[in-house]
Amino acid sequence: MSLLGSVVSSPSTRLFACFLRLGAQQAGLLQLHTGASHAAKSHYEVLVLGGGSGGICMAARMKRRVGAENVAIVEPSERHFYQPIWTLVGAGAKQLSSSGRPTASVIPSGVEWIKARVVELNPDKNCIHTDNGKEIKGLPEGFAHPKIGSNYSVRTVEKTWKALQDFKEGNAIFTFPNTPVKCAGAPQKIMYLSEAYFRKMGKRPKANIIFNTSLGAIFGVKKYADALQKIIQDRNLTVNYKQNLIEVRADKQEAVFENLDKPGETQVISYEMLHVTPPMGPPDVIKMSPVADAAGWVDVDKETLQHKRYPNVFGIGDCTNLPTSKTAAAVAAQSGILDKTISRIMKNQIPMKKYDGYTSCPLVTGYSRVILAEFDYNAQPLETFPFDQSKERLSMYLMKADMMPFLYWNMMLRGYWGGPAFLRKLFHLGLS
């Protein structure tokens, strides 16, 4: 069986790695056409594209299925990053250096690393080719100016912290784009942390904190949205809905927003600090391939993660059209399901395990508080712990800041963490 993985990207940053699986059921190998002279061979039973979370953890799982010598991973980047921690890096609570490790150190031992970029997918011929969207006007060049940052790129996350430290008075603006994004809660987490920092430094009375979001609600799950609305009210934060950032005039410190309810109507807001969440979407190599749906995402069954048209293609994570948040927690849960799906297909059996859309979004609301949102496809809470997770808790902050990175590096990337479903059953006495 063959395997392919991929990565979702935006104009200014590469998102958390995703996973796409391509290959022949039971027969044949996936052929790799590459200009990389160091590649050990041109055929692999399992080929992973994208050395991010989904790619690395599934490569580890497939190594155990078919043997390391039959698995290769295509990834051009020299370093692998745990991006969920960048929320805390942007707020000065963690160091950027703690978020990255050499890619070579996370590739499963014995698995071939092909340091290249995929430029074409051809599932009809069971092969890929390698070589060795939308943008906001004024970016990314605007990041050269002070007072602008983004927690979505290794190149700009520390600029967020610098802008936060340099803030004196005026508008601090935080944005949510009119595209799918990684973790819908992330764009507002840095807002809560910034507000806490301003209070700590005595700057809060001079700060007008604004969250301009393209969405019509603060969060998609009512239980957590209600809790966040209370925080917004208590901390005197301004939230403007259906507002999409379309231009940054960095030299004038102005941000231009379009009213999505009234196309063509714009508003210019001056800022002392601007945190940008960039527009995001699938990479061109996916959008232009036969495996994509009309919107450009890998078209998979939401329960089995098997492609709807190519029975030998599977998907996991950011590049898929799965109707759930694109988070590390979602990738972990999907990896366990996909592993079982592939195992049954290799035996010519029908997949039995079904993915319920589980994802988690630790909503950081301060330097020592987190609301741990967990939910399913139906936007219904699917909580692990036997207490109300819509409450801000120190324990959940410590889990976000310290436990989750440990789980990521030591268990998930090694293919041993498939999400907390078993803990949920244990804590709820098997009732959930």
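The values are calculated or read from the model by the stated rules, or taken from the named source; none is laboratory data. Please read all numbers here as calculations on a predicted model, not as lab measurements. Because the Cβ atoms are built from the backbone with ideal geometry, glycine has one as well, and the counts that use them run over all protein chains shown. With ligands, DNA and RNA removed, areas are computed over all heavy atoms of the protein, side chains included. Shrake-Rupley method; radii C 1.70, N 1.55, O 1.52, S 1.80 Å.
Please arrange ARG424, ARG235, ARG117 by accessible surface area, largest first, computed with a 1.4 Å probe and ligands excluded.
ARG117, ARG235, ARG424
Filter the GluC sites (Glu not before Pro) in the range 222-301 down to the DSSP loop ones having no more than 16 other Cβ atoms within 10 Å, then list what survives.
GLU265
Just want to confirm a number: the relative contact order over the range 200-348, from Cα pairs under 8 angstrom separated by 6+ residues, in percent.
Relative contact order, the range 200-348: 11 percent.
In Å², what does the accessible area per residue of the chain work out to with a 1.4 Å probe? Could you put the intermediate results ahead of the total?
Numbers: 17570 Å² over 432 residues.
Solvent-accessible surface per residue comes out at 41 Å².
Under 1.5 on a/c is rounded, so check that first for the range 258-366, then, if it is not, pick prolate when a/b is larger than b/c and oblate when it is not; a ≥ b ≥ c are the square roots of the alpha carbon gyration tensor eigenvalues.
Taking the square roots of the gyration eigenvalues as a ≥ b ≥ c, the range 258-366 is prolate.
For the range 155-227, build the charge dipole from Cβ charges (+1 Lys, Arg; -1 Asp, Glu) around the Cα centre, then report which of GLY216, PRO177, ILE190 sits farthest towards its positive end.
Most positive-ward Cα: ILE190.
Would you please give the residues with an amide H less than 5 Å from that of HIS43, counting only those at least 5 places away or on a separate chain, with H modeled from the backbone geometry?
Long-range HN contacts for HIS43: LEU32.
Could you derive backbone 3J(HN,Hα) for the range 347-357 from the dihedral phi with the Karplus parameters 6.51, -1.76 and 1.60 (θ = phi - 60°), listing whole Hz in sequence and x where the residue is Gly or Pro?
Once rounded to whole Hz, the list reads 9, 6, 10, 7, x, 10, 6, 10, 7, 9, x.
Report ³J(HN,Hα) in whole Hz for each residue of the range 205-216, in order, from the Karplus equation J = 6.51 cos²θ - 1.76 cosθ + 1.60 where θ = phi - 60°; Gly and Pro get x.
x, 9, 10, 9, 8, 10, 10, 9, 10, 6, 7, x
Rounded to the nearest 0.05, what FRET efficiency is calculated for GLN349 and MET411 with R0 set to 35 Å and r the Cβ-Cβ distance?
0.80
Bin width 20 Å, origin at 0, all Cα-Cα pairs of the chain: what percent of pairs per bin?
P(r) for the chain, in whole percents per bin: 27, 56, 17, 0.
Using a Cα-Cα cut-off of under 20 Å, which aspartates and glutamates could be cross-linked to LYS347, ignoring same-chain neighbours fewer than 8 residues away?
List returned: GLU45, ASP301, GLU303, ASP339.
Taking amide hydrogens as modeled 1.01 Å from N in the peptide plane, which residues meet the under 5 Å criterion relative to ALA116, leaving out close sequence neighbours?
GLU75
With unit charges on the beta carbon (Lys/Arg positive, Asp/Glu negative), name the residue among THR103, GLY92, PRO123 whose Cα is farthest towards the positive pole of the charge dipole of the range 89-130.
The residue sitting most towards the positive pole is GLY92.
Give the share of C-alpha pairs in each 10 angstrom bin for the range 317-432, from 0 to the last occupied bin, in whole percents, shortest bins first.
All Cα pairs considered, the percentages come to 14, 41, 36, 8, 2, 0.
Of MET396, VAL285, LEU322, whose Cα points farthest to the positive end of the dipole of the chain (charges on the beta-carbon: +1 Lys, Arg; -1 Asp, Glu; origin at the Cα centre)?
Most positive-ward Cα: MET396.
Excluding ALA401 itself, calculate the net charge of residues whose Cβ lies under 15 Å from the Cβ of ALA401, where each Lys or Arg counts +1 and each Asp or Glu counts -1. The partial results should precede the final answer.
Working: positive: LYS94, LYS189, ARG369, ARG393, LYS400; negative: GLU392, ASP402.
So the surrounding residues net to +3.
Enter the accessible area of ARG309 (Å², nearest 10), with the probe set to 1.4 Å and all protein chains included.
Surface accessible to solvent at ARG309 totals approximately 120 Å².
Taking only C-alpha pairs under 8 Å that are 6+ residues apart, what is the relative contact order of the range 295-432 in percent?
19 percent
Tell me, in nm to one decimal, what length is gained between ARG249 and ASP166 on full extension, where the rule is 0.36 nm per residue of separation less the Cα-Cα distance? Let's see the in-between values first.
Details: separation 83, 0.36 × 83 = 29.88 nm, distance 1.89 nm.
Fully extending the segment from ARG249 to ASP166 adds 28.0 nm.
List the equivalent ellipsoid semi-axes of the range 107-213 in whole Å, largest first, each obtained as the square root of 5λ for an eigenvalue λ of the Cα gyration tensor. Intermediate values should be presented prior to the final figure.
On the way: eigenvalues 300, 52, 40 Å².
Those come to 39, 16, 14 Å.
For the range 284-297, in order, what is each residue's ³J(HN,Hα) by Karplus, 6.51 cos²θ - 1.76 cosθ + 1.60 with θ = phi - 60°, in whole Hz (x at glycine and Pro)?
For the range 284-297, the Karplus-derived couplings read 4, 4, 7, 4, 8, 9, x, 7, 8, 8, 4, 8, x, 8 Hz, x marking Gly and Pro.
Given the range 198-314, what percent of its DSSP beta bridges are antiparallel, to the nearest 5?
Of the beta bridges lying entirely in the range 198-314, close to 80 percent run antiparallel.
If DNA, RNA and ligands are ignored and the probe is 1.4 Å, what is the ranking of TYR408, TYR241 by accessible area, most exposed first?
TYR241, TYR408
Kirkwood Rh over Cα pairs of the range 376-432 into Stokes-Einstein at 20 °C, 1.002 mPa s: D in µm²/s?
167 µm²/s
If the reach is capped at under 21 angstrom between alpha carbons, list the lysines near LYS230, excluding any in the same chain fewer than eight residues apart.
LYS189, LYS200, LYS222, LYS242, LYS391
Within the chain, what whole-number % of the accessible surface is contributed by carbon and sulfur, with the 1.4 Å probe and all protein chains included in the calculation?
Result for the chain: 51 percent of the exposed heavy-atom area is carbon or sulfur.
So what's the back-of-envelope 222 nm ellipticity for the chain, counting only DSSP H runs of four-plus at -39500 (n - 2.57) apiece and dividing by all residues, rounded to 500?
Calculated mean residue ellipticity at 222 nm is -6500 deg cm²/dmol.
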